[in-house]
Amino acid sequence: LNVMNYWYNLGETYRGQNKWKDAKYAYNKALDCNRDYLSAYLGLAETYLSESKRVNSENEKKYLLQQALDNCEKSISKKENFGPAYMTRAAVKHALDQDLMSVRIDLQKAKDLNTELGQFIAEHEEFKSLENVDWFKEIAK
């Protein structure tokens, strides 16, 4: 296990424990080892998204969601065909109440890149409000 993976795994552990500050620190340490480490950007995005659901201030929520979106964009800019980044970006866009067409496009891109993401999309808590929408059912297979 190398240092980069150590920090990434530590970030995953902290995120799972809702220790947002510690998770972000660990993911950033992984990125210090390798600025192209896509999973660390995705971990940061998921951390900001999760944290945004636990704050009371609308301004703080928007700030956290923008940070999540920025990390998705960084991941996608480094590897355009990284499906999980599109799924997470769709979740962030949905949390930001962006238009559903944009969410749909990202979810379809994620599934087109990796058909196994359909199950993850179906189970992602951010998309629960879409579970009865026809296009979503098709993507979430």
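The values are calculated or read from the model by the stated rules, or taken from the named source; none is laboratory data. What you are looking at is a predicted structure, and each value in this text was computed from that prediction instead of being measured. To get the accessible areas, we keep the full protein, side chains included, count just its heavy atoms, and leave off ligands, DNA and RNA. Shrake-Rupley method; radii C 1.70, N 1.55, O 1.52, S 1.80 Å.
Restricting the search to helices (runs of 4 or more DSSP H) fully inside region 94-141 and requiring at least 1 residues that are more than 19 Å from Asn81 (Cα to Cα) and open to solvent by less than 20 Å² (accessible area, probe 1.4 Å) gives 134-139.
Yes or no, residue by residue, for (1) at pLDDT 95 or above; (2) closer than 17 Å to Lys24 by Cα; (3) of a type in the set (Asp, Glu):
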| position | (1), (2), (3) |
| --- | --- |
| Ala40 | yes, yes, no |
| Asn59 | yes, no, no |
| Gln67 | yes, yes, no |
| Arg104 | yes, no, no |
| Leu117 | no, no, no |
| Glu123 | no, no, yes |
| Glu126 | no, no, yes |
| Val133 | no, no, no |
| Ala140 | no, no, no |
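Out of Tyr63, Tyr27, one residue alone is open to solvent by less than 40 Å² (accessible area, probe 1.4 Å) and at pLDDT 95 or above. It is Tyr27.
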